[in-house]
Amino acid sequence: MNESTLSHYTAAKPQKEQRANIAAPQSIAVRVYYEDTDFSGNVYHASYLRFLERGRTEFLRALGVEHRKLFANGESAWHFVVRAMTIEFLKPALMDDELAVETRVSSLGGASIEMRQEISRSKEVLLAADVRIALVAGGKARRIPAEILKKLQPCVGPSQTKLV
């Protein structure tokens, strides 16, 4: 093995170690702004939906699934849509809070992905959501392409109790 091959091998090794724990939730930080709140300074309930969408989008982006590329296929473009969502609002988030939006895959279907998302402040869970997203093209549900499933399969975490 020559030196350049060895350096290439050692550079690739951390990626494998990093992917070994991919079933752990992926987390993004979200700051609560005035525009996210209602008249009382609490986060307005619909704002949480935007936070959850950002979490799912960044989760997929981290796997190499980017929405812009999905839409770029013109007539054959496909995209993910929310098929079902159950949300439990546990405690309110407040203006200026820094929140963590955690996303993990609960299970995979032929045309859908079930995810568990939690929004927390300082490790205290404020909201829990079970979300089913479906792949759609031409207005109809489609099977998730094999290359996307291959990226998602290592992400399936342990089963969790679903919300109501």
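Figure legend. Inter-residue proximity from the range 90-103: first residues farther than 25 Å from G157 by Cα, second residues at pLDDT below 95, beta-carbon distance below 7 Å, spacing 6+ or different chains. Indicated pairs: L94/G41; M95/G41. If you check E114, E124 for being charged (D, E, K, R) and surrounded by fewer than 13 Cβ atoms within 10 Å (Cβ to Cβ), only one passes: E124. The criterion of being touching a residue at least 24 places away in the same chain (Cβ under 8 Å) and either assigned to a strand (DSSP E or B) or crowded, with 18+ Cβ neighbours inside 10 Å (or both) holds for S107.
Among the residues of the range 118-142, the ones that are at pLDDT 95 or above and among the charged types (D, E, K, R) come to 5 in all.
Consider the range 23-47 and keep the residues that are under 18 Å from the mean Cα position of the chain (by Cα) and surrounded by 11 or more Cβ atoms within 10 Å (Cβ to Cβ). The one that is nearest to L60 (Cα to Cα) is Q26. Can you spot a residue in the range 74-87 that is modelled with pLDDT of 95 or more and among the basic types (K, R)? Within the range 74-87, one or more residues are modelled with pLDDT of 95 or more and among the basic types (K, R).
Checking I144 against (1) surrounded by fewer than 16 Cβ atoms within 10 Å (Cβ to Cβ); (2) more than 30 Å from S40 (Cβ to Cβ), which test does it fail? Of the numbered conditions (1) surrounded by fewer than 16 Cβ atoms within 10 Å (Cβ to Cβ); (2) more than 30 Å from S40 (Cβ to Cβ), the odd one out for I144 is (1). Checking each residue in the range 50-104 for being among the aliphatic types (A, V, I, L, M) and in a strand (DSSP E or B) picks out V81, V82, A84, M85, I87, L94, L99, A100, V101. Scanning the range 33-71 for residues that are on the phi > 0 side of the Ramachandran plot and touching a residue at least 60 places away in the same chain (Cβ under 8 Å) gives a single hit, G64.
The values are calculated or read from the model by the stated rules, or taken from the named source; none is laboratory data. Keep in mind that this is a model prediction, so the values were computed, not measured. Because the Cβ atoms are built from the backbone with ideal geometry, glycine has one as well, and the counts that use them run over all protein chains shown.
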